[in-house]
Amino acid sequence: MSRLANNPADSGAHTGYHPCGRHGSGQPAPEPLSEAPWPLPVRTGVEVALWSAVGAGVLALAVGAVLLLIGAVPGSSATEVAPPFCQGRTCDGFAPDVTLCADDAVTTASAQLAGREVELRISARCRAAWALLPAPRAGDTIEVRGPHDRVQPQSAPYNGVRVFTPMIPAARGEAVEACLTAREGRVCARPATPKGRR
């Protein structure tokens, strides 16, 4: 009897085992750490006011840019013409659309040949001139002529696709002309000479 009473396995006194699943010390097992979310940052009144001001400023700039583009801002106009990239001699050989000289250009003379019309275009701001053929036929050639034997030609490779010559300098009062050469012949457009001038 004394041998059975002293057996640790029978008495449940083993230091590493407890019938309730606890450690040998008699204390409950530690629970796992909870996965609580990180606390959200708290915005102070100064931070909220600062970010609100920044957002309002960006919005005001965007609205102002849109209004300026549509001409809704007093004192502004959406039809204002940007300054050209050349004037006079510096325009020689350049295209009128690339240099913005076409923005204020006017047709000062025109001539017709077999259903086509060649135009002499002049930009007062650029002090330059060029020839324009709105509805050519393939093989037509236009040219603009000015003083000092300045000539700029251009051929039409396709039917109905407008062509224009490079520019030549054209100061006020200088004689310039636009000519069309085709299978049907040749015509030139010259501005009318004011009365009293020869």
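The values are calculated or read from the model by the stated rules, or taken from the named source; none is laboratory data. Because the structure is a prediction, the values reported are computed rather than measured. Positions of Cβ are generated from backbone atoms using ideal geometry, with glycine treated the same way; all protein chains shown enter the neighbour counts.
Per-residue answers, yes or no, for (1) assigned to a strand (DSSP E or B); (2) modelled with pLDDT of 95 or more; (3) under 18 Å from Pro84 (Cα atoms); (4) not basic (Lys, Arg):
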| position | (1), (2), (3), (4) |
| --- | --- |
| Val98 | no, no, yes, yes |
| Ser110 | yes, yes, no, yes |
| Glu117 | yes, yes, no, yes |
| Ile142 | yes, yes, no, yes |
| Pro153 | yes, yes, no, yes |
| Glu174 | no, no, no, yes |
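A residue that is over 21 Å from Pro191 (Cα atoms), touching a residue at least 24 places away in the same chain (Cβ under 8 Å), among the acidic types (Asp, Glu) and in contact with a strand residue (DSSP E or B) (Cβ under 9 Å, 6 or more places away or on another chain) cannot be found anywhere in the stretch 101-122.
Looking only at residues in the stretch 125-139 that are touching a residue at least 24 places away in the same chain (Cβ under 8 Å) and assigned to a loop (DSSP other than H, G, I, E, B), the one that is surrounded by the most Cβ atoms within 10 Å (Cβ to Cβ) is Cys126.
Note on the stretch 156-170: among residues that are in contact with a strand residue (DSSP E or B) (Cβ under 6 Å, 6 or more places away or on another chain) and part of a loop (DSSP other than H, G, I, E, B), the one that is surrounded by the fewest Cβ atoms within 10 Å (Cβ to Cβ) is Pro166. No other residue among Arg145, Arg125 is under 15 Å from Arg190 (Cβ atoms) and touching a Cys at 6+ places or on another chain (Cβ under 9 Å) apart from Arg145.
Which residues, taken from the stretch 95-118, are surrounded by 13 or more Cβ atoms within 10 Å (Cβ to Cβ), touching a Phe, Trp or Tyr at 6+ places or on another chain (Cβ under 9 Å) and within 21 Å of Pro136 (Cα to Cα)? Steps first, answer last, please.
Residues of the stretch 95-118 surrounded by 13 or more Cβ atoms within 10 Å (Cβ to Cβ): 95-96, 99-105, 107-111, 113, 116-118.
Narrowing further to those that are touching a Phe, Trp or Tyr at 6+ places or on another chain (Cβ under 9 Å): 95-96, 99-102, 105.
Across the stretch 95-118, the qualifying residues are Ala95, Pro96, Ala102, Ala105.
On the given criteria, is Ala175 touching a Gly at 6+ places or on another chain (Cβ under 7 Å) and surrounded by fewer than 18 Cβ atoms within 10 Å (Cβ to Cβ)?
Details: touching a Gly at 6+ places or on another chain (Cβ under 7 Å): no; surrounded by fewer than 18 Cβ atoms within 10 Å (Cβ to Cβ): yes.
No, not satisfied.
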